[in-house]
Structures are given as structure tokens and as C-alpha cells.
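The structure appears right after this line, and notes come after that.
The values are calculated or read from the model by the stated rules, or taken from the named source; none is laboratory data. Owing to the predicted nature of the structure, the values given are computational and were not obtained by experimental measurement. We place every Cβ from the backbone using ideal geometry, glycine too, and count neighbours over all the protein chains shown.
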Amino acid sequence: MKKLNANLVIDLGNSETRVLVQSGKTKSGLIRQQLGTISNKFVTVEEGYEIPENYDEDNTIVFETPEGEFFANGLLVEREYESMSVRPTAIEQKQDSKVTMLTLQRAFFEGFRLLAKMNLSDIESLDVTWTVSILLPPNSVERGSKVLYKKIMGISEFNYILPEVTLNINVDRVRFFPEGFAAYIATLMRRGKVLNEDFTHLLQSKTLIVDIGAGTTDFFVVDGMETIESTKSTIKVGGNDVSSTIRQELIKQDIVLPESVVTKGVQEGFIKDGALKIPLGKNIVIASKNTANKLISEIISYLEGTSMSIRTIENLLVVGGGSLKSEVEGVEPLSHYIIERLKSFAPNIQLVGLPKEYKGEDPASKEINPRLLNILGAGILSEG
């Protein structure tokens, strides 16, 4: 057995969960790390469920929970059982959700898989002592950390059916980081805790951080490196509001399509009703503006109940799916419509750009995917 110490960083999303594994160091002294993404859709299967021929351990995972239930995750669920799948919702807090525990079991397998890849080993040959770091909404960290800490420290092993393996789970420490603030850290600095010079002005100013997920949006204000606690909140408006608005408009036209089809259509700029291709560009712009207006209305309303005036805030940082650049012609990222609306309340607030990827000491021309900022920031915080 190969004994290793490793960090397992988990960003529990609504549509997908990101996993970062850190262990050892590169020749330049940076901590070695590997990033993975897993689906948050699970379906119950019977004990002894026979996997169809088209699916194997490269694309599908089947596992038994500590309670003796059996679940599948991966391509099998996406293709065959999507309408029957369970997934996270905006109604339930992460620490109280059964799906969170399913995701954690899946995330540990992904952690072992990534670590085995980093060490050119197979997962059964690894004896790992994990430090686990989990991202939670800012106003859930205090209670959520207590609940999840107890659950995680009570795990001793996980049993997987596909592939057939039982993994010993040895967790030495569990840490919790607030979503949004971790993304702020990844904007301010890069691996090795080196400051990004283009963003040092944030340390001398107030920044409104808006972290847009699929189902919810977290927001709060930081003054330099200090979070202003009274400004932390979560609202049930997210990126899915864009696709759900468009889906409702299509239903009014008697075009009834599954949610997943419309979501894909928003990404591609069109849907197909049978053989008919229907462009969605104008619909996406209207729905994005409506979603941005809802977000800003709720944020302004909440901040008015605190001692924070929106006109005292210099910067706006939008992370999560809200900063993703659209591939659809004529459609801007949601952050564009948010700053456009926000400037009617605070005309001099500035939108913070996204940091560049780094290769060694040199910045690349490519910006970091805003969906990755939280987990990359948690990775920086996990460096010690």
C-alpha cells in the first residue's frame, strides 16, 4: 500500500460538483493538484442491478450507501433515467440534503481516482489520510460546518459496486470555506499565494461579490479582506431562471420540451421542435435581463436593510455561471446585464474582470472559467 497525505476540496454545486485533489509538490515548489467534475444527478437502483452493455466504470458509478441503499451516477443516469433522478434543490440547505451525502460518497471516489492518476497507481493500492475542505454558502457555514463535520468524521469506508471496490476513508481534518469569498481569493491571488497585481486595488476598497449558481445566488460585501457579516445572504434566483423563463414562453406556444433540452438550447442558441430549428438568441437576452433585474432588485432591497449603502461600494465581482461568456451571437454574460442594471442605482461602481490563467510565472491570454474560481480559491486556502 502507498501511504499518502492529500487535500480533497469539494465545491458542492447544483448541476455539478467540482473536486480538487492536492498532494506532493512540483519541481517549482507548487502543490501538485488535479481537478475533476462530477454530475449531481443520482438514481436509485435495486441491489444486483445489471448494468446495460453500453455503460462501464469509465462513465458510470454504482455504489451502496452506508444505509444500504444503491445509487447510480454518471452517463447511465444522464441518458436513461434523467427524469427519475434526484438532485440538489434550492429549497433544502446543503448540510440537510440527502443528495449532499450521495455527492460526498461520489466525490471521495473521484478523489481517489485523481490521486491514483497523479501517482500512476490504482485506487486499491492507496492508503490515504485526507484533509477535506468543503465550500458552503456564506450564511450556512456556521451551522452547516457543524452538521457536515459530524457526518464526515463518522465515515470509515465506502462501498462501490461499479467498479467493485471498498475504500477505507481516513479523514484527519475537515475545513469549511464560504462560497464567493473563495472566488474572491482566486481573483486576488494565484497558486503559491502570489498576489495578482491587476487586482491589488481590491484590497483598499469595498467589493460586492455576487456568486450565481444554477438555483441560487449568494452575495455579500467585502472591505479589503474583511467580510461585512450583515450583508451576507442567499436568494432563490440563479442561472436556471433564464432557461425556465424561456421554457414557460415556449409552453405558451404549445412547444413543450424537457428542462434539460431547453437548458442545452440556451447554451447553443437554438432548440429543435422535431425537424424545425428555432433560434433563441432574442429570448435569451430578454430572459437574462429579467433575471438580472430580479437579482439586483433583491440585492438592493436586502442591503437597504443593513447599514451598507450601495453607493459606497466601488467594485462588483460576479462569479459562478453568471460570468460565463455566451457562445450565442448577440448574447452577453449575465454579469453584463447585472452591472447594466446596478449602475442605475450606483453609476460609478465598476465590474471586476476575471483573472487570467497562469503557466508558471507568465499569465496566459485565457481567462479562468468563473465556475472554477470558488474551488481554485479554496485550493489556495487549503495550501496552508
Scanning region 202-217 for residues that are modelled with pLDDT of 95 or more and either among the acidic types (Asp, Glu) or in a loop (DSSP other than H, G, I, E, B) (or both), the one surrounded by the most Cβ atoms within 10 Å (Cβ to Cβ) turns out to be ASP211
Find the residue count for region 24-43, including only residues that are of a type in the set (Ser, Thr, Tyr) and either assigned to a loop (DSSP other than H, G, I, E, B) or over 22 Å from the mean Cα position of the chain (by Cα) (or both). 2
Exception for SER28 within (1) within 27 Å of ILE380 (Cα to Cα); (2) touching a residue at least 60 places away in the same chain (Cβ under 8 Å); (3) surrounded by fewer than 17 Cβ atoms within 10 Å (Cβ to Cβ); (4) touching a strand residue (DSSP E or B) at 6+ places or on another chain (Cβ under 6 Å) falls at (4)
GLY320 fails exactly one of (1) in contact with a Gly (Cβ under 8 Å, 6 or more places away or on another chain); (2) touching a residue at least 12 places away in the same chain (Cβ under 8 Å); (3) over 18 Å from GLY213 (Cβ atoms), namely (3)
From SER344, SER288, residue being in contact (Cβ under 8 Å) with a residue 24 or more places away in the chain and farther than 26 Å from ILE185 by Cβ: SER288
The residue that is nearest to ALA107 (Cα to Cα), considering only those in region 44-62 that are within 23 Å of the chain's Cα centre (by Cα) and crowded, with 19+ Cβ neighbours inside 10 Å, is ILE61
Any strands (runs of 3 or more DSSP E) falling wholly within region 254-371 and containing at least 2 residues that are within 21 Å of THR227 (Cα to Cα): 315-320
Some residue of region 226-243 being at pLDDT 95 or above, in a strand (DSSP E or B) and within 14 Å of VAL319 (Cα to Cα): no
Any residue at all in region 7-15 that's at pLDDT 90 or above and farther than 17 Å from GLU110 by Cβ? no
Counted residues, region 130-143 - those being within 17 Å of the chain's Cα centre (by Cα) and over 15 Å from ILE375 (Cβ atoms): 4
Does region 334-353 contain any residue that is surrounded by fewer than 18 Cβ atoms within 10 Å (Cβ to Cβ), closer than 20 Å to LEU376 by Cβ and among the aromatic types (Phe, Trp, Tyr)? no
Condition check: in a helix (DSSP H, G or I), surrounded by fewer than 23 Cβ atoms within 10 Å (Cβ to Cβ) and of a type in the set (Val, Ile, Thr). Does ILE185 satisfy that? yes
Which of the residues that make up region 66-110 are assigned to a loop (DSSP other than H, G, I, E, B), exposed (fewer than 15 other Cβ atoms within 10 Å of the Cβ) and over 18 Å from the mean Cα position of the chain (by Cα)? PRO66, GLU67, GLY68, GLU69
When you go through LEU120, LEU115, LEU136 one by one, which is the residue that is among the hydrophobic types (A, V, I, L, M, F, W, C) and under 30 Å from THR227 (Cβ atoms)? LEU136
Do we find a residue being buried (at least 22 other Cβ atoms within 10 Å of the Cβ), at pLDDT 95 or above, of a type outside the set (Ser, Thr, Tyr) and outside any strand (DSSP E or B) anywhere in region 115-136? yes
